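Input: a single structure, listed below in C-alpha coordinates.
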Amino acid sequence: MASIKDVAAEAGVSVATVSRVLNDHPSVSAEARTRVMAAVQNLGYRPNAVARSLRTDQTRTLGLVISDVLNPYFTELARSVEEEARALGYSVIIGNADERPDLQDHHVRTLLDRRIDGLLVSPTDGGSPGMLDAARTGTPMVFVDRWIAGVEVPVVRSDGRSAVRDLVAHLHALGHRRLAIIAGPAATTTGSERVHAFREALAEHGLPLPDAYIGQGDFQAESGRRVTEGFLDLPEPPEVVFAADNLMALGALDAVRARGMRVPEDIALAAFDDIPWFVHTDPPITAIAQPTGDLGRAAVRALVDRIEGRPPQSVTLPARLVVRRSCGESPATNRSES
(Lines give C-alpha, C1' and ligand atoms only; values in the text may rest on other atoms or scores of the structure.)
Protein backbone atom coordinates (compact mmCIF):
# COMPACT_ATOMS: atom_id res chain seq x y z
CA MET A 1 0.00 0.00 0.00
CA ALA A 2 1.38 3.38 -1.02
CA SER A 3 2.38 5.88 1.67
CA ILE A 4 2.40 9.66 1.65
CA LYS A 5 6.17 9.49 1.16
CA ASP A 6 5.66 7.42 -2.00
CA VAL A 7 3.25 10.07 -3.31
CA ALA A 8 5.78 12.82 -2.57
CA ALA A 9 8.55 10.94 -4.40
CA GLU A 10 6.29 10.22 -7.39
CA ALA A 11 5.20 13.85 -7.65
CA GLY A 12 8.68 15.27 -6.98
CA VAL A 13 7.51 17.39 -4.04
CA SER A 14 7.87 17.34 -0.28
CA VAL A 15 5.68 15.35 2.09
CA ALA A 16 4.45 18.67 3.49
CA THR A 17 3.27 19.73 0.03
CA VAL A 18 1.36 16.47 -0.41
CA SER A 19 -0.27 17.02 2.98
CA ARG A 20 -1.28 20.56 2.03
CA VAL A 21 -2.81 19.35 -1.24
CA LEU A 22 -4.78 16.58 0.47
CA ASN A 23 -6.08 19.07 3.03
CA ASP A 24 -6.98 21.57 0.30
CA HIS A 25 -4.60 24.24 1.58
CA PRO A 26 -4.69 27.36 -0.64
CA SER A 27 -0.91 27.95 -0.55
CA VAL A 28 -0.12 25.15 -3.03
CA SER A 29 0.47 26.07 -6.67
CA ALA A 30 -1.83 24.68 -9.34
CA GLU A 31 1.10 22.87 -10.98
CA ALA A 32 2.15 21.13 -7.75
CA ARG A 33 -1.47 20.26 -6.98
CA THR A 34 -1.83 18.62 -10.41
CA ARG A 35 1.34 16.55 -9.93
CA VAL A 36 0.29 15.41 -6.46
CA MET A 37 -3.20 14.39 -7.54
CA ALA A 38 -1.78 12.51 -10.52
CA ALA A 39 0.58 10.63 -8.17
CA VAL A 40 -2.30 9.83 -5.81
CA GLN A 41 -4.23 8.40 -8.74
CA ASN A 42 -1.31 6.43 -10.16
CA LEU A 43 -0.34 4.89 -6.83
CA GLY A 44 -3.88 4.31 -5.56
CA TYR A 45 -2.99 6.20 -2.38
CA ARG A 46 -5.67 6.34 0.34
CA PRO A 47 -5.17 8.93 3.11
CA ASN A 48 -5.19 7.62 6.67
CA ALA A 49 -8.53 8.85 7.98
CA VAL A 50 -7.57 8.34 11.62
CA ALA A 51 -4.36 10.32 11.28
CA ARG A 52 -6.19 13.06 9.41
CA SER A 53 -8.81 13.26 12.14
CA LEU A 54 -6.08 13.86 14.73
CA ARG A 55 -4.80 16.80 12.67
CA THR A 56 -8.11 18.37 11.73
CA ASP A 57 -10.27 17.22 14.69
CA GLN A 58 -12.76 15.88 12.13
CA THR A 59 -13.38 12.36 10.86
CA ARG A 60 -16.00 13.25 8.22
CA THR A 61 -18.12 10.54 9.85
CA LEU A 62 -21.66 10.72 11.20
CA GLY A 63 -23.35 8.34 13.61
CA LEU A 64 -26.94 7.20 13.12
CA VAL A 65 -28.79 5.38 15.92
CA ILE A 66 -32.13 4.07 14.71
CA SER A 67 -34.87 2.46 16.75
CA ASP A 68 -35.32 -0.79 14.82
CA VAL A 69 -33.38 -1.80 11.71
CA LEU A 70 -36.01 -4.49 10.94
CA ASN A 71 -38.69 -1.83 10.57
CA PRO A 72 -38.86 -0.95 6.84
CA TYR A 73 -39.49 2.69 7.74
CA PHE A 74 -36.14 2.96 9.52
CA THR A 75 -34.40 0.96 6.82
CA GLU A 76 -35.51 3.51 4.24
CA LEU A 77 -34.59 6.35 6.58
CA ALA A 78 -31.08 4.94 7.04
CA ARG A 79 -30.62 4.61 3.29
CA SER A 80 -31.56 8.22 2.64
CA VAL A 81 -29.27 9.37 5.46
CA GLU A 82 -26.33 7.44 3.98
CA GLU A 83 -26.97 8.75 0.47
CA GLU A 84 -27.19 12.39 1.55
CA ALA A 85 -24.17 12.10 3.83
CA ARG A 86 -22.10 10.59 1.03
CA ALA A 87 -23.14 13.42 -1.29
CA LEU A 88 -21.88 15.92 1.30
CA GLY A 89 -18.57 14.10 1.81
CA TYR A 90 -19.42 12.20 5.01
CA SER A 91 -19.58 8.51 5.89
CA VAL A 92 -22.19 7.01 8.24
CA ILE A 93 -21.89 4.38 10.99
CA ILE A 94 -25.27 2.89 11.97
CA GLY A 95 -26.33 1.46 15.31
CA ASN A 96 -29.58 -0.44 15.84
CA ALA A 97 -31.16 0.22 19.26
CA ASP A 98 -33.85 -2.44 18.77
CA GLU A 99 -36.25 -0.22 20.77
CA ARG A 100 -34.01 -0.68 23.85
CA PRO A 101 -32.72 2.38 25.75
CA ASP A 102 -29.71 0.45 27.11
CA LEU A 103 -28.67 -0.59 23.61
CA GLN A 104 -29.21 2.96 22.41
CA ASP A 105 -26.76 4.21 25.05
CA HIS A 106 -24.26 1.52 24.06
CA HIS A 107 -24.29 2.72 20.45
CA VAL A 108 -24.06 6.39 21.45
CA ARG A 109 -20.99 5.71 23.62
CA THR A 110 -19.35 3.56 20.95
CA LEU A 111 -19.91 6.16 18.24
CA LEU A 112 -18.56 8.99 20.38
CA ASP A 113 -15.48 6.87 21.19
CA ARG A 114 -14.90 6.59 17.43
CA ARG A 115 -14.75 10.39 17.20
CA ILE A 116 -17.74 10.89 14.95
CA ASP A 117 -18.38 14.49 13.98
CA GLY A 118 -22.10 14.39 14.77
CA LEU A 119 -24.96 12.16 15.78
CA LEU A 120 -28.44 11.46 14.37
CA VAL A 121 -30.79 9.72 16.80
CA SER A 122 -34.36 8.45 16.71
CA PRO A 123 -34.88 8.13 20.48
CA THR A 124 -36.31 4.88 21.80
CA ASP A 125 -37.82 6.53 24.87
CA GLY A 126 -38.03 9.76 26.84
CA GLY A 127 -34.26 9.98 27.07
CA SER A 128 -31.68 7.35 28.00
CA PRO A 129 -28.84 8.65 30.23
CA GLY A 130 -26.03 8.28 27.70
CA MET A 131 -27.91 10.05 24.95
CA LEU A 132 -29.00 12.89 27.23
CA ASP A 133 -25.42 13.35 28.40
CA ALA A 134 -24.24 13.55 24.78
CA ALA A 135 -26.88 16.17 23.97
CA ARG A 136 -26.15 18.28 27.03
CA THR A 137 -22.37 18.22 26.64
CA GLY A 138 -22.48 19.79 23.21
CA THR A 139 -22.17 16.85 20.84
CA PRO A 140 -23.55 18.00 17.47
CA MET A 141 -26.84 16.13 17.37
CA VAL A 142 -30.16 16.05 15.51
CA PHE A 143 -33.26 14.07 16.45
CA VAL A 144 -35.00 12.44 13.50
CA ASP A 145 -38.58 11.08 13.47
CA ARG A 146 -38.81 11.11 17.28
CA TRP A 147 -37.63 13.71 19.74
CA ILE A 148 -37.36 14.41 23.47
CA ALA A 149 -39.31 17.29 24.96
CA GLY A 150 -37.15 19.79 26.78
CA VAL A 151 -33.88 18.81 25.11
CA GLU A 152 -32.48 21.63 22.98
CA VAL A 153 -31.65 19.61 19.88
CA PRO A 154 -32.92 20.31 16.33
CA VAL A 155 -35.71 17.94 15.30
CA VAL A 156 -36.51 16.65 11.81
CA ARG A 157 -39.86 14.89 11.76
CA SER A 158 -43.18 14.55 10.01
CA ASP A 159 -46.50 15.87 11.27
CA GLY A 160 -49.12 13.14 10.98
CA ARG A 161 -52.01 14.94 12.66
CA SER A 162 -53.62 16.14 9.44
CA ALA A 163 -53.22 12.71 7.83
CA VAL A 164 -54.79 11.01 10.88
CA ARG A 165 -57.68 13.45 10.62
CA ASP A 166 -58.04 12.55 6.93
CA LEU A 167 -57.99 8.85 7.81
CA VAL A 168 -60.72 9.15 10.44
CA ALA A 169 -62.87 11.25 8.10
CA HIS A 170 -62.36 8.58 5.43
CA LEU A 171 -63.36 5.79 7.82
CA HIS A 172 -66.38 7.75 9.02
CA ALA A 173 -67.51 8.30 5.42
CA LEU A 174 -67.30 4.54 4.86
CA GLY A 175 -69.75 4.06 7.75
CA HIS A 176 -67.34 2.90 10.45
CA ARG A 177 -68.13 4.04 13.98
CA ARG A 178 -66.18 1.73 16.31
CA LEU A 179 -62.52 2.55 15.78
CA ALA A 180 -59.65 1.17 17.86
CA ILE A 181 -55.93 1.95 17.91
CA ILE A 182 -52.82 -0.12 18.57
CA ALA A 183 -50.63 2.55 20.18
CA GLY A 184 -46.86 2.74 20.26
CA PRO A 185 -44.93 3.17 23.52
CA ALA A 186 -46.23 6.16 25.48
CA ALA A 187 -42.62 7.10 26.34
CA THR A 188 -41.95 7.90 22.67
CA THR A 189 -43.20 11.13 21.16
CA THR A 190 -44.59 9.33 18.13
CA GLY A 191 -46.40 6.82 20.32
CA SER A 192 -48.20 9.45 22.40
CA GLU A 193 -48.74 11.91 19.53
CA ARG A 194 -50.54 9.42 17.29
CA VAL A 195 -52.96 8.39 20.02
CA HIS A 196 -53.69 12.03 20.78
CA ALA A 197 -54.26 12.84 17.10
CA PHE A 198 -56.55 9.81 16.72
CA ARG A 199 -58.61 10.78 19.78
CA GLU A 200 -58.96 14.37 18.54
CA ALA A 201 -60.01 13.25 15.07
CA LEU A 202 -62.65 10.91 16.48
CA ALA A 203 -64.04 13.70 18.66
CA GLU A 204 -64.51 15.87 15.56
CA HIS A 205 -67.02 13.26 14.35
CA GLY A 206 -68.62 12.75 17.76
CA LEU A 207 -67.01 9.34 18.18
CA PRO A 208 -65.63 8.10 21.51
CA LEU A 209 -62.38 6.26 22.09
CA PRO A 210 -63.10 3.85 24.97
CA ASP A 211 -60.18 2.55 26.99
CA ALA A 212 -60.95 -0.93 25.67
CA TYR A 213 -60.24 0.35 22.15
CA ILE A 214 -56.73 1.55 23.05
CA GLY A 215 -54.20 -1.29 22.98
CA GLN A 216 -50.63 -0.74 24.14
CA GLY A 217 -48.07 -1.94 21.62
CA ASP A 218 -44.31 -1.47 21.27
CA PHE A 219 -43.85 -0.89 17.53
CA GLN A 220 -43.15 -4.62 17.07
CA ALA A 221 -45.29 -7.12 15.13
CA GLU A 222 -45.91 -9.40 18.10
CA SER A 223 -47.54 -6.60 20.06
CA GLY A 224 -49.84 -5.86 17.12
CA ARG A 225 -50.89 -9.50 17.09
CA ARG A 226 -51.47 -9.60 20.86
CA VAL A 227 -53.46 -6.36 21.01
CA THR A 228 -55.64 -7.34 18.06
CA GLU A 229 -56.46 -10.67 19.66
CA GLY A 230 -57.65 -8.71 22.68
CA PHE A 231 -59.83 -6.47 20.50
CA LEU A 232 -61.40 -9.51 18.82
CA ASP A 233 -62.25 -11.02 22.21
CA LEU A 234 -64.29 -7.99 23.30
CA PRO A 235 -68.08 -8.36 23.59
CA GLU A 236 -68.32 -5.63 20.97
CA PRO A 237 -65.14 -5.73 18.85
CA PRO A 238 -64.11 -2.64 16.90
CA GLU A 239 -65.00 -2.28 13.23
CA VAL A 240 -61.57 -0.82 12.44
CA VAL A 241 -58.12 -1.40 13.89
CA PHE A 242 -55.66 1.45 13.28
CA ALA A 243 -52.07 0.34 13.96
CA ALA A 244 -49.70 3.17 14.85
CA ASP A 245 -46.86 1.66 12.83
CA ASN A 246 -46.37 -0.81 9.99
CA LEU A 247 -44.99 -3.78 11.95
CA MET A 248 -47.90 -3.70 14.40
CA ALA A 249 -50.24 -3.58 11.39
CA LEU A 250 -48.70 -6.77 10.02
CA GLY A 251 -49.11 -8.40 13.43
CA ALA A 252 -52.75 -7.31 13.48
CA LEU A 253 -53.27 -8.84 10.04
CA ASP A 254 -51.81 -12.12 11.28
CA ALA A 255 -54.18 -12.14 14.27
CA VAL A 256 -57.24 -11.55 12.08
CA ARG A 257 -56.29 -14.32 9.66
CA ALA A 258 -55.52 -16.73 12.51
CA ARG A 259 -59.17 -16.40 13.55
CA GLY A 260 -60.32 -17.28 10.04
CA MET A 261 -61.57 -13.72 9.58
CA ARG A 262 -61.18 -11.49 6.54
CA VAL A 263 -60.07 -7.90 5.99
CA PRO A 264 -62.12 -5.79 5.40
CA GLU A 265 -65.26 -7.99 5.36
CA ASP A 266 -65.01 -8.89 9.06
CA ILE A 267 -62.81 -6.08 10.36
CA ALA A 268 -61.04 -3.16 8.69
CA LEU A 269 -57.34 -2.38 9.09
CA ALA A 270 -55.31 0.81 8.60
CA ALA A 271 -51.73 1.70 9.48
CA PHE A 272 -49.34 4.54 10.16
CA ASP A 273 -46.06 4.31 8.17
CA ASP A 274 -46.75 3.09 4.67
CA ILE A 275 -44.32 0.51 3.29
CA PRO A 276 -43.92 -1.04 -0.18
CA TRP A 277 -45.28 -4.37 1.08
CA PHE A 278 -48.72 -2.90 1.74
CA VAL A 279 -49.60 -2.80 -1.95
CA HIS A 280 -48.93 -6.55 -2.16
CA THR A 281 -51.08 -7.69 0.77
CA ASP A 282 -54.59 -8.96 0.12
CA PRO A 283 -56.25 -6.54 0.33
CA PRO A 284 -53.73 -3.68 -0.07
CA ILE A 285 -53.58 -1.74 3.20
CA THR A 286 -54.77 1.84 3.60
CA ALA A 287 -51.96 3.71 5.35
CA ILE A 288 -50.45 7.03 6.32
CA ALA A 289 -47.20 7.65 4.46
CA GLN A 290 -44.35 9.70 5.86
CA PRO A 291 -41.88 11.48 3.51
CA THR A 292 -39.14 9.18 4.77
CA GLY A 293 -36.46 9.95 2.22
CA ASP A 294 -36.95 13.70 2.61
CA LEU A 295 -36.72 13.35 6.39
CA GLY A 296 -33.40 11.50 6.19
CA ARG A 297 -31.90 14.01 3.79
CA ALA A 298 -33.11 17.00 5.81
CA ALA A 299 -31.71 15.48 9.01
CA VAL A 300 -28.26 15.08 7.47
CA ARG A 301 -28.27 18.65 6.16
CA ALA A 302 -29.28 19.98 9.59
CA LEU A 303 -26.51 18.00 11.29
CA VAL A 304 -23.85 19.05 8.79
CA ASP A 305 -24.93 22.68 9.27
CA ARG A 306 -24.38 22.23 13.01
CA ILE A 307 -20.97 20.58 12.48
CA GLU A 308 -19.76 23.20 10.01
CA GLY A 309 -20.81 26.18 12.11
CA ARG A 310 -24.05 27.15 10.42
CA PRO A 311 -27.28 27.50 12.45
CA PRO A 312 -29.24 24.22 12.09
CA GLN A 313 -32.97 24.34 11.51
CA SER A 314 -35.68 22.02 12.79
CA VAL A 315 -37.84 20.69 9.96
CA THR A 316 -41.43 19.41 10.00
CA LEU A 317 -42.86 17.77 6.87
CA PRO A 318 -46.46 16.64 6.32
CA ALA A 319 -47.53 13.00 6.18
CA ARG A 320 -50.34 11.95 3.80
CA LEU A 321 -53.11 9.40 3.61
CA VAL A 322 -52.81 6.65 0.99
CA VAL A 323 -56.23 5.05 0.41
CA ARG A 324 -56.31 1.43 -0.72
CA ARG A 325 -58.81 -1.36 0.05
CA SER A 326 -58.37 -2.62 3.61
CA CYS A 327 -61.17 -0.53 5.10
CA GLY A 328 -64.03 -1.43 2.78
CA GLU A 329 -63.16 0.87 -0.12
CA SER A 330 -64.29 -0.01 -3.62
CA PRO A 331 -62.06 -2.47 -5.54
CA ALA A 332 -60.81 0.27 -7.85
CA THR A 333 -59.68 2.50 -4.98
CA ASN A 334 -56.00 3.37 -4.70
CA ARG A 335 -55.26 7.02 -4.21
CA SER A 336 -53.17 9.41 -2.16
CA GLU A 337 -54.55 12.36 -0.27
CA SER A 338 -52.31 15.21 0.81
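Counted without the sites themselves, the longest stretch of the chain free of GluC sites (Glu not before Pro) in a DSSP loop having at most 16 other beta carbon atoms within 10 Å is 1-151. Looking at the P(r) of the chain, how many percent of alpha-carbon pairs lie beyond 30 Å? Counting every Cα pair in the chain, those more than 30 Å apart make up 46 percent.
Pop out the carbon and sulfur fraction of the accessible area of the range 139-298 as a percent, whole number, probe 1.4 Å. Kindly include the intermediate steps, with their values, before the conclusion.
Details: 3040 of 6040 Å².
Accessible surface attributable to carbon and sulfur in the range 139-298 totals 50 percent.
Structure remark: mean-square fluctuation, Gaussian network model of the chain, C-alpha springs under 10 Å; the largest value among Y73, Y45, Y213 belongs to Y45. Model label points for N42 and L88, set 7 angstrom from Cα along the Cα-to-Cβ axis, are 3.7 nm apart. A 1.4 Å probe run over the protein chains yields, for the chain, 46 Å² of accessible area per residue, whole-number rounding.
For the range 262-326, the spread of Cα positions along the three principal axes, ordered from largest to smallest, is 56, 17, 12 Å. Computed from phi, the 3J(HN,Hα) profile of the range 311-326 under the Karplus parametrisation 6.51, -1.76, 1.60 (θ = phi - 60°) reads x, x, 10, 6, 9, 10, 10, x, 8, 9, 7, 10, 8, 10, 9, 8 Hz, with x in place of Gly and Pro. Across the range 190-268, C-alpha contacts under 8 Å between residues 6 or more apart give a mean separation that, scaled by the residue count, equals a relative contact order of 28 percent. In the chain, the DSSP-assigned H stretches of four residues or longer account for a calculated mean residue ellipticity at 222 nm of -13500 deg cm²/dmol, using -39500 (n - 2.57) per stretch and the full residue count as denominator. Applying the Karplus relation 6.51 cos²θ - 1.76 cosθ + 1.60 with θ = phi - 60° to the range 210-215 yields 3J(HN,Hα) values of x, 4, 5, 9, 10, x Hz, where x marks Gly and Pro. Across the range 176-296, the convex hull enclosing all Cα atoms gives 105 Å³ per residue.
The Cα-based radius of gyration of the range 61-127, divided by its Kirkwood radius, gives an Rg/Rh of 0.96. 3J(HN,Hα) along the range 177-192: 10, 9, 10, 10, 10, 9, 7, x, x, 5, 6, 9, 5, 5, x, 6 Hz, from the Karplus curve 6.51 cos²θ - 1.76 cosθ + 1.60 with θ = phi - 60°, whole Hz, x for Gly and Pro.
Multiplying the sequence separation of T75 and S3 by 0.36 nm and subtracting their Cα-Cα distance, what value in nm do you get?
Numbers: separation 72, 0.36 × 72 = 25.92 nm, distance 3.75 nm.
Result for the pair: 22.2 nm of gain on full extension.
In angstrom, the C-alpha Rg and Dmax of the range 91-145 are 10.0, 28.
Taking a ≥ b ≥ c as the square roots of the eigenvalues of the alpha carbon gyration tensor, the range 95-230 is prolate, as a/c is not under 1.5 and a/b beats b/c. Backbone N atoms of the range 66-105 closer than 14 Å to the 7 Å Cα→Cβ label point of H280 belong to residues 72.
How long are the semi-axes of the equivalent ellipsoid of the range 18-168, taking √(5λ) for every eigenvalue λ of the Cα gyration tensor, in whole Å from largest down?
Values: eigenvalues 276, 65, 39 Å².
Whole-Å semi-axes of the equivalent ellipsoid: 37, 18, 14.
Surface calculation, 1.4 Å probe, protein heavy atoms: D294 sits at approximately 80 Å² accessible.
The values are calculated or read from the model by the stated rules, or taken from the named source; none is laboratory data. None of the values given here were measured: they were computed from a predicted structure. Every residue, glycine among them, receives a Cβ derived from its backbone with ideal geometry; neighbour counts consider all protein chains shown. Each accessible area value is taken on the protein alone, full model and side chains, heavy atoms only, with ligands, DNA and RNA left out. Shrake-Rupley method; radii C 1.70, N 1.55, O 1.52, S 1.80 Å.
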